[in-house]
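Comments concern the structure below.
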Amino acid sequence: MVRQRISSSPSGHDVSTLRLLDLTLPFPVENLALDEALLEELEERGGDPVLRFWESDRHFVVLGRASRVSDDVDLVACKEAGLSILRRASGGGTVLQGPGCLSYAFVLPLDWHPDMMSIRTTNRFILERMATALRQWEPATAFRGISDLAIGDRKISGNAQRRTGKALLFHGTILHGMGADLVARYLKHPSREPDYRAGRLHRTFLRTINVPLQAIKQAIANAWNAEPMHSEWPIARMPSIAAVLARSRVKSSSTA
């Protein structure tokens, strides 16, 4: 496969084409596991970098690798609503996912671009390009804090990384229809926050980008020259579901 070159990053280096996988599996745990399976596949077998989109049809809570349930989650509200509580392999904070919250994942070799040699430079490299893609609708979109996208001083996207010996999973969410009131119903004020949040509650810190979902996905795909993939996604890796469940120590009555 010949990798097409696209515009350069802020450092002046070019980046190459990604395979696009727009696939949502039936259950939240499967979707988390597929992100990890794609990372494992690239780490062990190599291949082309991937951009994946997915959006769950049900709400659920996802903890970062080091997040504490007692700090971040309203367990009573989650139990009453039957929300699953899962833990991903990457860092970052706790998020509510589901309808109105687009999830995306970049799965890339670490040597794919010079700007990916550290966590900090990777955040800037990816999120500045993402911000550029969204500025056609919201000119004030910018990379903020450690790994956020915001419109002005209001967050629309949080992101996290998982780095292995040879590869990187960079994944995040974009709020395009999920309101801050819903987030506030299930998540407490975080124990750690970026400076630009300045202590604001979810309701005054979070907002949505009011753009049709398909248009958002197309803009991001265009920004990375991502082309639909024709090879099968790594179904053989899906036993990673067991790993997701094993680290998700607090679950609702339904873990699916």
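With neighbour counts taken as other beta-carbon atoms within 10 Å, the residues Thr132, Thr122 rank, fewest first, as Thr132, Thr122. Using the Cα coordinates of the range 20-247, the gyration tensor eigenvalues translate into equivalent-ellipsoid semi-axes of 25, 22, 17 Å, sorted from longest to shortest. May I ask what percent, to the nearest 5, of DSSP beta bridges between residues of the chain are antiparallel? Bridges in the chain that DSSP calls antiparallel: roughly 75 percent. If I model the range 117-176 as equal point scatterers sitting on the Cα atoms and use the Debye formula, what is log10 I(q)/I(0) at q = 0.22, 0.30 Å⁻¹? The computed values of log10 I(q)/I(0) come out as -0.82, -1.33. The helix-based estimate of mean residue ellipticity at 222 nm for the chain, built from -39,500 (n - 2.57) per DSSP H run of four or more residues and divided by its residue count, is -8500 deg cm²/dmol to the nearest 500. Shown in residue order for the range 84-101 are the 3J(HN,Hα) couplings computed by the Karplus curve 6.51 cos²θ - 1.76 cosθ + 1.60 at θ = phi - 60°: 6, 10, 10, 10, 8, 7, 8, x, x, x, 7, 9, 9, 10, x, x, x, 10 Hz (x for Gly and Pro). Rounded to whole Å, give me the distance from the Cα center of the range 54-75 to that of the range 124-141. Value for the Cα centre distance between the two parts: 26 Å. Placing pseudo-labels 7 Å out from each Cα toward the beta carbon at Asp71 and Thr132 gives an inter-label distance of 3.5 nm. Maximal additional length on extending the His189-Asn222 stretch stands at 8.4 nm, based on 0.36 nm per residue less the C-alpha distance. Structural size metrics of the range 144-229, computed from C-alpha coordinates, are Rg and Dmax of 14.8, 43 Å. Among Ile85, Ile126, Ile174, the largest mean-square fluctuation in a Gaussian network model of the chain, built with springs joining Cα atoms closer than 10 Å, belongs to Ile126.
Values in this text are rule-based calculations from the coordinates and carry no lab data. In this text the structure is predicted, and so the values were computed from the model without any measurement. Note: ideal-geometry Cβ built from the backbone for every residue, glycine included; neighbour counts use all protein chains shown.
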